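The values are calculated or read from the model by the stated rules, or taken from the named source; none is laboratory data. Everything quoted here is computed from the prediction, not taken from an experiment. No Cβ is skipped: glycine too gets one built from the backbone with ideal geometry, and neighbour counts run over all protein chains shown. Side chains are part of the model used for accessible areas, which takes the heavy atoms of the whole protein and leaves out ligands, DNA and RNA. Shrake-Rupley method; radii C 1.70, N 1.55, O 1.52, S 1.80 Å.
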Amino acid sequence: MSPAQAQIVETIRQRFGDRAVTEDAETISPWLSDWRDRYHGAAPAMLMPASRDEVAAMVTLANEARVALVPQGGNTGMVGGATPPEDGSALLLSLRRMNRIRSISAEANLAVAEAGVILANLRDAAESAGRRFPMDLGARGSATIGGLVSTNAGGTQVLRFGTMRSLVAGVEAVLPDGSVHDGLAALKKDNRGYDLTQLLIGAEGTLGIVTAATLRLVPALAARAVAWVGLETPAKALALLRAIEAKTDAIESFEILPSDVLDLVLGHVPGTRAPLAVRHAWHVLIEAVATDSAAEPPAALLERLLAPALESQLIGDAVIAASEAQAEAFWKIRHSISESERAAGPAVQHDISVPVDAMPRFMVDGAAQAEARFPGTRAIAFGHLGDGNVHFHVAAPKGADPDIFYATQAQPITRMVHDMVVAAGGSISAEHGIGQMKRAELERLGPPSRIATLRAIKAALDPRGILNPGKLVALAPEAPTP
Ligand code: FAD
């Protein structure tokens, strides 16, 4: 530990007690690698504030001493954003002790949750208040509000409710100099110039430490129905979505996966079974909802809308969950993909978006091109088709050594996939962010004006570069990677 770090740790211990900081290697160790185990860092201490004021004091000390901080919530991020640098030059700043829901109001349709509140707990609290927080993803049992805000997370309800950005009505954060941005008031109209709250959403901890957020709630569900559909191509899946959307606005999720991915989950997660008896090349999971118990039941609605699709052979088969348990079983398949894929062996992941109408072709042609260029690999695309966002993963050839595969193949594969994405007018990060994984690619693909603006914003707010260095954008341009 450097003398400056040791001084900060000592001061924090004196001011806030032993619970606010630890140097215990065993306690810190699980938080030094990312969820996928691709990035490994070091940190001589982990700071654990319990309040906004404690965060402000810690950031002030770090800024004065020019010691870097890496904010961390549930550590479920997919781009190494919460992993500290390997050289031990940064302290971890865990927000997990700040786990209070400060208020929840069905009348205002708002909840104010601290950064360390776990998504599943907020969803439960909203339900107890007769409302819903419409954000869901596989990591709901660990991902925190601070992490979700800071990555502008997506998930499986974006189709209807948008990403985290549209669910956040206000943010409270500590800025790099230790001052507090109190933007929790949920004002519908507020035109006082640049919107700092919006800037902090998706900033990946590089511009401020989110300490709390005001979150929008939506009406509770009277009923929901979940359908599992088998069909031939992503193009047919998109045609199905468009046909359904023309008749109803009750569709909340529309997720696609190929049969390979279904097989992966069935092989990895005990108790899961294929929803349809016959094998189909592609599968779609659809959720329809009703907030009014007098409205057409969602199951009847789905049945009515899927029948003509079946008749016209747009789809091959479909089943509507007959019970809530079966609906949960369908969703379990979807939410277990990341975990099953991680267990299946090395793969280079890409979280990409292209215009929705271009996505079906991208999923099929892009995968074929990647497999042709890198013989033995298997390219799979799955996820949020209706958002024009899929996870495009290129798995190593069978039996490949993970270290050699990542060292020799990861960069050329990623470059190829990202070049295809840019050519299709898309984004190399749809919902996971840039972190350390995609920083070089962001610099490579620009455009330069965008990178220069990101850098200028970073320099203006955090001129000493103390917040999450090495993530998203560097303060100064770096030499391009060969
Ligand atoms: P962390 O991983 O701890 O941190 C993520 C980033 O935010 C880091 O850069 C970190 O420095 C920063 N950060 C964390 N807390 C704060 C704070 N309080 N203030 C400032 N910066 C902070 N993501 C999706 O978008 N959609 C999905 O469908 C999805 N599915 C997933 C499924 C699984 C099984 C897993 C493991 C992950 C999935 N993710 C998904 C990724 C992940 O859950 C999200 O990125 C989530 O937002 C991360 O939250 P976290 O609390 O774990 O943040």
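Of (1) part of a helix (DSSP H, G or I); (2) over 30 Å from S94 (Cα atoms), G425 satisfies all except one. Which?
Looking at each condition in turn, G425 falls short on (1).
Within the stretch 96-109, is even one residue away from the ligand (no atom under 15 Å from the Cβ), farther than 30 Å from K188 by Cα, open to solvent by 40 Å² or more (accessible area, probe 1.4 Å) and not in a strand (DSSP E or B)?
Checked against the condition, which is being away from the ligand (no atom under 15 Å from the Cβ), farther than 30 Å from K188 by Cα, open to solvent by 40 Å² or more (accessible area, probe 1.4 Å) and not in a strand (DSSP E or B), the stretch 96-109 yields no hits at all.
In the list G388, G366, G383, which residue meets the criterion of being of a type in the set (G, A, S) and more than 22 Å from V229 (Cβ to Cβ)?
Details: G388 fails: more than 22 Å from V229 (Cβ to Cβ); G383 fails: more than 22 Å from V229 (Cβ to Cβ).
Just a single option satisfies the conditions, and that option is G366.
Consider A120 carefully, then state whether it is assigned to a strand (DSSP E or B), within 12 Å of the ligand (Cβ to nearest atom) and either within 23 Å of A290 (Cβ to Cβ) or over 12 Å from the mean Cα position of the chain (by Cα) (or both). Step through it out loud before you land on a result.
Values: assigned to a strand (DSSP E or B): no; within 12 Å of the ligand (Cβ to nearest atom): yes; either within 23 Å of A290 (Cβ to Cβ) or over 12 Å from the mean Cα position of the chain (by Cα) (or both): yes.
No; evaluated as a whole, the condition is false for this residue.
Which one of the conditions (1) modelled with pLDDT under 95; (2) in contact with a Phe, Trp or Tyr (Cβ under 8 Å, 6 or more places away or on another chain) does H335 fail to meet, given that it meets all the rest?
Among (1) modelled with pLDDT under 95; (2) in contact with a Phe, Trp or Tyr (Cβ under 8 Å, 6 or more places away or on another chain), H335 violates only (2).
Tell me yes or no: at least one residue of the stretch 27-49 is within 16 Å of the ligand (Cβ to nearest atom), among the small types (G, A, S) and without any contact (Cβ under 8 Å) to a residue 24 or more places away in the chain.
Yes: one or more hits.
Where the second residue is crowded, with 20+ Cβ neighbours inside 10 Å and the first is without any contact (Cβ under 8 Å) to a residue 40 or more places away in the chain and lies in the stretch 230-245, which pairs have Cβ atoms under 7 Å and are six or more apart or on separate chains?
Listed pairs, sorted by first residue: E245/I251.
Just one of P469, P412, P402 is within 16 Å of the ligand (Cβ to nearest atom) and touching a residue at least 24 places away in the same chain (Cβ under 8 Å); which is it?
Of P469, P412, P402, the one residue that is within 16 Å of the ligand (Cβ to nearest atom) and touching a residue at least 24 places away in the same chain (Cβ under 8 Å) is P469.
Taking the conditions exactly as written (surrounded by fewer than 23 Cβ atoms within 10 Å (Cβ to Cβ), at negative phi, part of a loop (DSSP other than H, G, I, E, B) and not small (G, A, S)), does L137 satisfy them or not?
Numbers: surrounded by fewer than 23 Cβ atoms within 10 Å (Cβ to Cβ): yes; at negative phi: yes; part of a loop (DSSP other than H, G, I, E, B): yes; not small (G, A, S): yes.
In short, yes.
Specify which of the listed residues (A25, A57, A45, A50) is over 26 Å from the mean Cα position of the chain (by Cα) and either of a type in the set (D, E) or open to solvent by 30 Å² or more (accessible area, probe 1.4 Å) (or both).
On the way: A57 fails: either of a type in the set (D, E) or open to solvent by 30 Å² or more (accessible area, probe 1.4 Å) (or both); A45 fails: either of a type in the set (D, E) or open to solvent by 30 Å² or more (accessible area, probe 1.4 Å) (or both); A50 fails: over 26 Å from the mean Cα position of the chain (by Cα).
Only one candidate qualifies: A25.
Only residues in the stretch 57-79 that are over 16 Å from P3 (Cα atoms) and free of Cβ contacts under 8 Å to residues at least 24 places away in the same chain count as the first member; pair them with residues that are of a type in the set (D, E) and more than 12 Å from the ligand (Cβ to nearest atom), Cβ under 6 angstrom, at least 6 apart or cross-chain, and list the lot.
So the pair list comes out empty.
Quick grid of which residues meet (1) part of a helix (DSSP H, G or I); (2) open to solvent by 30 Å² or more (accessible area, probe 1.4 Å); (3) under 21 Å from G80 (Cβ atoms); (4) touching a helix residue (DSSP H, G or I) at 6+ places or on another chain (Cβ under 7 Å):
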position: I333; (1), (2), (3), (4): yes, no, no, yes
position: E341; (1), (2), (3), (4): yes, no, yes, yes
position: M363; (1), (2), (3), (4): yes, no, no, yes
position: H391; (1), (2), (3), (4): no, no, yes, no
position: P397; (1), (2), (3), (4): no, yes, no, no
position: A400; (1), (2), (3), (4): no, yes, no, no
position: A407; (1), (2), (3), (4): yes, yes, yes, no
position: T414; (1), (2), (3), (4): yes, no, yes, yes
position: G435; (1), (2), (3), (4): no, no, yes, no
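Hey, Q157 hits all of (1) within 14 Å of the chain's Cα centre (by Cα); (2) modelled with pLDDT of 95 or more but one; which does it fall short on?
Evaluating Q157 over (1) within 14 Å of the chain's Cα centre (by Cα); (2) modelled with pLDDT of 95 or more leaves (2) as the failure.
Let's see how each residue does on (1) away from the ligand (no atom under 15 Å from the Cβ); (2) open to solvent by 40 Å² or more (accessible area, probe 1.4 Å):
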{"position": "A82", "(1), (2)": "no, no"}
{"position": "A90", "(1), (2)": "no, no"}
{"position": "A113", "(1), (2)": "no, no"}
{"position": "E127", "(1), (2)": "yes, yes"}
{"position": "G130", "(1), (2)": "yes, no"}
{"position": "I145", "(1), (2)": "no, no"}
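Quick check on my filter: what residues within the stretch 84-95 are among the small types (G, A, S) and part of a loop (DSSP other than H, G, I, E, B)? Write out each step before concluding.
Initial filter on the stretch 84-95 (among the small types (G, A, S)): 88-90, 94.
Correct list: G88, S89.
Check R66 against each of (1) within 9 Å of the ligand (Cβ to nearest atom); (2) open to solvent by 40 Å² or more (accessible area, probe 1.4 Å) and name the one condition it does not meet.
All conditions pass for R66, except number (1).
May I ask you to verify whether A325 is in a helix (DSSP H, G or I), at pLDDT 95 or above and open to solvent by less than 50 Å² (accessible area, probe 1.4 Å)? Walk me through how you get there before you give the answer.
On the way: in a helix (DSSP H, G or I): yes; at pLDDT 95 or above: yes; open to solvent by less than 50 Å² (accessible area, probe 1.4 Å): no.
No; evaluated as a whole, the condition is false for this residue.
If you take just the strands (runs of 3 or more DSSP E) that sit entirely in the stretch 186-285, which of them hold at least 1 residues that are open to solvent by 50 Å² or more (accessible area, probe 1.4 Å)?
Details: elements: 209-216, 223-231, 251-258.
Counting at least 1 such residues, we get 209-216, 223-231.
Please state which one of R242, R192 is over 30 Å from S94 (Cα atoms), more than 19 Å from the chain's Cα centre (by Cα) and modelled with pLDDT under 95. Even if it seems obvious, please write down each step before you answer.
Working: R242 fails: modelled with pLDDT under 95.
Just a single option satisfies the conditions, and that option is R192.
Select from the stretch 1-23 the residues that are aliphatic (A, V, I, L, M) and touching a helix residue (DSSP H, G or I) at 6+ places or on another chain (Cβ under 6 Å) and write down the one among them that is farthest from L95 (Cα to Cα).
We begin by selecting, within the stretch 1-23, every residue aliphatic (A, V, I, L, M); these are 1, 4, 6, 8-9, 12, 20-21.
From what is left, the residues that are touching a helix residue (DSSP H, G or I) at 6+ places or on another chain (Cβ under 6 Å) are 4, 8, 12, 20-21.
On the way: A4: 22, I8: 17, I12: 15, A20: 11, V21: 12 Å.
If we take residues in the stretch 1-23 being aliphatic (A, V, I, L, M) and touching a helix residue (DSSP H, G or I) at 6+ places or on another chain (Cβ under 6 Å), then A4 is farthest from L95 (Cα to Cα).
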